[in-house]
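In what follows, a structure is listed as structure tokens, so that the remarks can point back to it.
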Amino acid sequence: MPGRDFAGVRRYANNKIREHNTMSDPYKPSLVSSGLLAALLLAPLAQAAPDSDKPFAEHKVVLQISDDDPFKQTLVLNVANNLVRHYGADKVDIEVVAFGPGLRLLFAENANGARIHSLAESSGVRFSACENTIAAMTRQLEYAPGINADATRVPAGIVRILDLTGEGYRLVKP
Amino acid sequence: MSKSIRRILGAGIALALLVGTSAQAANWLALQGNEVPGAAERANVWGFVQPEFQYTEGMELKAGPFAGQPAAFNMIAPDQDSNSSFNLRRARIGVRGTGFPLDSKVNYFLLLEAGNNGITRNGSGSVRLTDASVTLNHLKGARIRIGQFKYPGSEEGLMAIHVFDYINFTSVTDQLMLERFLDSDGSVASVGANGPNGSVGAFRDIGVQVYDWFDTGNWEHSYAAMVGNGNGIARGDNNSDKDLYLYWASERVFGGQGPRRQGWKLYGWHQQGKRTLATGTSQATADFDRKRWGLGTTFRKDKYRVGAEYIRADGMIFNGTDGGVVAGTLNNAGTAVASFNMLPEDEADGWYLDFGYLLLPKLELDIRYDRLNRATKTAAEERRFGTLTLGAQYALNKKTRAILNYEIRDAEAPRLADSAVPNRILDGMDDRISLQLLAVF
């Protein structure tokens, strides 16, 4: 399953549990048992850091940008960069979640595009774009805004933040 | 957005806020109206004030019909009432942004002037709109700017004035490019003072411009083509002809961003149009060509910066005032009032060479020599101006800067005898000391 698709891990485990509860075939228990075992083994991973690229990360940070102040864009990128410089790219796991007016940071045309790409490629910083906001902006613009290719779309930015904080990420809003 | 866009526009806001030292090697076409894509404010309020003090010894005219009266070139502009004066030279407030932040393709730029200068003294009101433009960035390779804004041309005119390294313009820029709009050539005394009929041009026009910039490796190339009224700011055209402005620049970029970007720039420009003027004894009105063109270069690397430009002019040559006195002054005989003059079919040329050295992180030393050869087609009218400016700039902080200039000024009528009245008048040209404080907010 996809390394970042933590939701899929949970769905897989839940399906296996449901299969076990409804199964009547006497030959199935072995498969069910193995599936249940797999679910039980995988369940902890579903709650762990979503990015297996940094298994040695000692610090996990989610940076929120949700307002349209251009200086906040620079600031959140500076904070990400400073964290990487201080701890090292392998020791800190960073995800920037943009929603609301802050989603402008992840517009394809944004002047910070080169810097975002550098942080993503060189330091493994992840960028998440809220699809709810994209939909709202599409209605305002009457066309869909281009999103930075280094960004991953998430259904809802605030939900993404809550999920990450539930998984041990510290929320920082510069 | 390309790295070049970020490199230029990353300081689009910074240009409005920061006060560095040199302004060489910046992309002025972009900085005067483009916003940072995806990272600009809806409305960014900014401005600057430039209080100053200027002084000359106030030498009076030594010869001519106004002998003994104050020489216009020794009086402090724009009022010319004294040879030493404090003045609020510029006080500008503006707002710029995207208007609709989700759409970076549409930018706007507004700027008001409330200082005491040629923009506000001539014309109605003490507050003038200097810039009001909308920039459309929809077409790749052809951005469009519409409204009132700086036309593409000479470096001193095109650059943002609040990052200018000196207090006063060179003579060539001041007299050939900072256009005065007159109704008459001043040749008939009965016309009176023949003063300007509006604000100085302020290097601006009302029209439409197509422009853009491109990267090829380490080089950035920019172009601009503009059509405008050619009749100054905040008013419509006064004839059916439109002015055409053409501009090209190529810059080898070394690094950095915004006004402090290090690079070596080569540029050229051309402008042409027609002006309506009453001339001769009959004061019949006719249209005359006005052409200007120039070539220049700027260089900035580490602590050093260099600037040089050569400008030629054909037609509508500003020719000072009668007898060198302040316009509107009654002559000693009480028979005529001094007026401004214009030579509609003469020529002129000039150049300047400028060096700057960052002695300390906050202190830059500057030296500039400029030359203007005015009315080169007419022996009796030809004048030559040479000015050596010694300067120092001290940055109190990133938004505040003090500038001190000492100008060693010289002028002559090169094709007339030393004993001729014009040369005796010009011998009285004083040196000038200027001190200015610039504060950006």
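For segment B:103-150, residues that are assigned to a loop (DSSP other than H, G, I, E, B), more than 14 Å from chain A (Cβ to nearest Cβ) and surrounded by fewer than 17 Cβ atoms within 10 Å (Cβ to Cβ) total 7.
The requirement of being on the phi > 0 side of the Ramachandran plot and within 14 Å of another protein chain (Cβ to nearest Cβ) is satisfied by A:Gly100. Considering segment A:104-121, and only residues there that are touching a residue at least 40 places away in the same chain (Cβ under 8 Å) and within 11 Å of chain B (Cβ to nearest Cβ), the residue that is surrounded by the fewest Cβ atoms within 10 Å (Cβ to Cβ) turns out to be A:Ala108. Quick one: which residue in B:Arg275, B:Arg261 is over 30 Å from B:Val36 (Cα atoms) and either modelled with pLDDT under 95 or charged (D, E, K, R) (or both)? B:Arg275 is the lone residue from the list that is over 30 Å from B:Val36 (Cα atoms) and either modelled with pLDDT under 95 or charged (D, E, K, R) (or both). Every condition in (1) touching a residue at least 60 places away in the same chain (Cβ under 8 Å); (2) touching a Leu at 6+ places or on another chain (Cβ under 9 Å); (3) of a type in the set (Lys, Arg) is met by B:Arg312 except one, and the failing one is (1). Residues in segment B:22-38 include none that are at pLDDT 95 or above, more than 14 Å from chain A (Cβ to nearest Cβ) and at positive phi.
Taking the criterion of being outside any helix (DSSP H, G or I) and within 11 Å of chain B (Cβ to nearest Cβ), the residues of segment A:130-146 that qualify are A:Glu142, A:Tyr143, A:Pro145, A:Gly146.
Scanning segment B:382-400 for residues that are farther than 19 Å from B:Met177 by Cα and outside any strand (DSSP E or B) yields a total of 2.
Does any residue of segment A:83-96 turn out to be within 14 Å of A:Thr152 (Cβ to Cβ), of a type in the set (D, E, K, R) and either surrounded by fewer than 21 Cβ atoms within 10 Å (Cβ to Cβ) or more than 12 Å from every other protein chain (Cβ to nearest Cβ) (or both)? Looking through segment A:83-96, at least one residue is within 14 Å of A:Thr152 (Cβ to Cβ), of a type in the set (D, E, K, R) and either surrounded by fewer than 21 Cβ atoms within 10 Å (Cβ to Cβ) or more than 12 Å from every other protein chain (Cβ to nearest Cβ) (or both).
Out of segment A:141-168, which residues are loosely packed, with under 12 Cβ neighbours inside 10 Å and without any contact (Cβ under 8 Å) to a residue 24 or more places away in the chain? Correct list: A:Glu142, A:Tyr143, A:Ala144.
Here's a check for you: in segment B:59-79, which residue that is surrounded by fewer than 19 Cβ atoms within 10 Å (Cβ to Cβ) and over 18 Å from B:Gly328 (Cβ atoms) is nearest to the other protein chains (Cβ to nearest Cβ)? Across segment B:59-79, the extreme among qualifying residues is B:Met59. Residues of segment B:319-338 that are part of a loop (DSSP other than H, G, I, E, B) and aliphatic (A, V, I, L, M): B:Val326, B:Ala327, B:Ala333, B:Ala336, B:Ala338.
Counting only residues that are assigned to a strand (DSSP E or B), among the hydrophobic types (A, V, I, L, M, F, W, C) and either modelled with pLDDT under 95 or buried (at least 18 other Cβ atoms within 10 Å of the Cβ) (or both), how many does segment B:82-102 have?
Selection size over segment B:82-102: 1.
The values are calculated or read from the model by the stated rules, or taken from the named source; none is laboratory data. As the structure is a prediction and not an experimental result, all values here were calculated from the model. Note: ideal-geometry Cβ built from the backbone for every residue, glycine included; neighbour counts use all protein chains shown.
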